[in-house]
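These notes concern the structure reproduced below.
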Amino acid sequence: MSHALLAPSSAHRWLTCPPSARLEKQFPDVETTAAAEGTFAHLYAETTLQHFYKRSDVNTESLKENKFYDGNLEENVAVYTDTVIEKFNRAKSKDKGAALYLEKEFDLSEFVPASYGHADAVIICDDSIEVIDLKYGAGVAVRAKDNPQLRLYALGVYSELSFLYDDIKQVTVTIIQPRNGGISSDTLTVDELLDWGEKIKPIAQMAYVGDGDFKAGEHCKFCKAANRCKALAEYQMKAVKTDFDDPDLLTDEELVEILATADETIKWLNNVTEYMLNETLQNGKRWEGFKLVAGRSTRKIVDAEKAAEILKDNGGTDEQIWKPKELLGITALEKNFGKKKLAEMLKPVIEKPAGAPTLVPVTDPREELHNVQNDFDKLEES
Ligand code: SF4
């Protein structure tokens with residue numbers, strides 16, 4: 001699927017760091033497994049809805065052979081399709097002329113140069129539009145409030161449809177993320193939306209020509225330039241480069257400063273290391289002062305049945321040779337039976353023990369363990 005240089009899906013990045021869009025062009029598109037799974041989930045969702053509304057004869061049966069299909073995916077996608085169906089039913093009960101558009105394409109070039117996209121589902125009812133977006137990712141929670149991607153979808157959809165529905169006054173954007181956080185919405189008037197569109201126009205123009213200042217932050221996570229970007233390297237090395245007060249020992253404050261950025265810095269360092277290794281493996285790139293060697297490896301039995309036969313011939317018993325039968329882990333069982341169904345079936349035999357103590361920022365929503373020794377004793381007992 002081709003993407004505009006300033007695609008709505010990367011808007012958070014190019015609105016925060018305008019030159020990133022042009023810089024990213026220097027790096028190839030690599031489709032991750034998570035992205036491929038997301039594309040399949042969208043196809044499954046669209047096929048379900050098109051068939052449900054009798055707009056297509058194709059049902060989801062043909063998709064069940066796909067490597068990404070399992071009970072879990074069906075259950076998760078159903079959170080989105082059921083919500084769309086429910087919202088459209090409600091819209092039709094309020095307004096007989098309510099309309100549902102699926103995979104609605106739009107042109108955004110009035111606000112963002114050469115940009116376009118499509119919205120998963122759009123419901124028009126009375127004087128309002130609702131744009132609904134399925135997010136299949138589980139890693140990063142995405143919310144609808146002030147979300148630039150969804151606002152661009154809303155701008156694009158409004159621009160496409162306002163000539164057909166000239167009394168639209170209000171726009172709601174909804175994100176359905178079944179695997180991380182569920183459903184969230186944000187509503188604004190058409191005037192607020194158009195004002196926002198005018199505000200981002202100069203930034204979009206700057207991003208289109210590659211002007212503006214580089215700005216690193218959490219938006220760098222999916223930037224294709226991240227492994228070679230100087231602004232991000234400087235940002236990540238900030239903790240390491242702190243001018244320490246005491247010449248010998250770090251103060252508490254300095255340790256806290258290091259801990260606050262440690263997770264992010266470790267991830268970045270791992271990504272850079274992996275990028276450099278891949279450059280060598282795939283493109284033969286040599287790095288000054290480094291060489292490619294075989295990593296450490298452990299011995300493994302390549303033919304388990306044959307090995308068991310030999311051990312048995314030499315007097316081994318089944319108990320000495322084979323592992324006891326073991327239940328699959330919860331994640332694997334969820335894949336086979338579906339998350340909801342498994343939770344219902346195994347309710348009497350599932351418990352969630354307390355996790356090991358960990359230091360997290362004070363903004364983390366989990367309750368603080370106060371009396372460390374007592375709380376830790378309780379954890380050990382449980
Ligand atoms: S990695 Fe971050 S700072 Fe660098 S170009 Fe990408 S978004 Fe901008």
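Numerical summary
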{"read-out": "Selection count, the range 235-250, where residues are away from the ligand (no atom under 11 Å from the Cβ) and either within 24 Å of Arg22 (Cβ to Cβ) or part of a helix (DSSP H, G or I) (or both)", "value": "1"}
{"read-out": "Residue check for Gln170: buried (at least 17 other Cβ atoms within 10 Å of the Cβ), modelled with pLDDT of 95 or more, in the same structural domain as Phe111 (by TED's automatic domain parsing) and of a type in the set (S, T, N, Q)", "value": "no"}
{"read-out": "Near pairs, Cβ below 7 angstrom, 6+ apart or cross-chain, from the range 253-277 (without any contact (Cβ under 8 Å) to a residue 24 or more places away in the chain) to any residue that is outside any helix (DSSP H, G or I) and β-branched (Val, Ile, Thr)", "value": "Glu254/Thr242; Glu257/Thr242"}
{"read-out": "Val209 vs. criteria closer than 22 Å to Pro28 by Cβ and away from the ligand (no atom under 11 Å from the Cβ)", "value": "no"}
{"read-out": "Long-range neighbours under 8 Å by Cβ, at least six apart or interchain, first residue within 6 Å of the ligand (Cβ to nearest atom) within the range 216-234, second acidic (Asp, Glu) and outside any loop (DSSP other than H, G, I, E, B)", "value": "Ala216/Glu234; Cys223/Glu24; Ala225/Glu24"}
{"read-out": "Residue selected from the range 16-33 under the condition hydroxyl-bearing (Ser, Thr, Tyr) and in a helix (DSSP H, G or I), by the criterion farthest from the ligand (Cβ to nearest atom)", "value": "Thr33"}
{"read-out": "The listed residue being crowded, with 21+ Cβ neighbours inside 10 Å and not aromatic (Phe, Trp, Tyr), out of Leu155, Leu102", "value": "Leu155"}
{"read-out": "Pair list, Cβ under 7 Å, 6 or more apart: the range 13-37 residue of a type in the set (A, V, I, L, M, F, W, C), other residue outside any helix (DSSP H, G or I) and within 9 Å of the ligand (Cβ to nearest atom)", "value": "Cys17/Phe214; Cys17/Lys215; Leu23/Ala225; Phe27/Lys224; Phe27/Ala225"}
{"read-out": "Any hit, the range 34-57, residues being among the β-branched types (Val, Ile, Thr), more than 16 Å from the ligand (Cβ to nearest atom), more than 22 Å from Phe88 (Cβ to Cβ) and modelled with pLDDT under 95", "value": "no"}
{"read-out": "Odd one out for Lys224, checked against (1) within 16 Å of Trp14 (Cβ to Cβ); (2) part of a helix (DSSP H, G or I)", "value": "(2)"}
{"read-out": "Residue identified as more than 16 Å from the ligand (Cβ to nearest atom), crowded, with 16+ Cβ neighbours inside 10 Å and within 26 Å of Asp126 (Cα to Cα) among Ile200, Ile175, Ile183", "value": "Ile175"}
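The values are calculated or read from the model by the stated rules, or taken from the named source; none is laboratory data. A quick note: this is a predicted structure, and the numbers were derived from the prediction, not measured. All Cβ positions, even for glycine, are placed from backbone atoms using ideal geometry, and neighbour counts span all protein chains on display.
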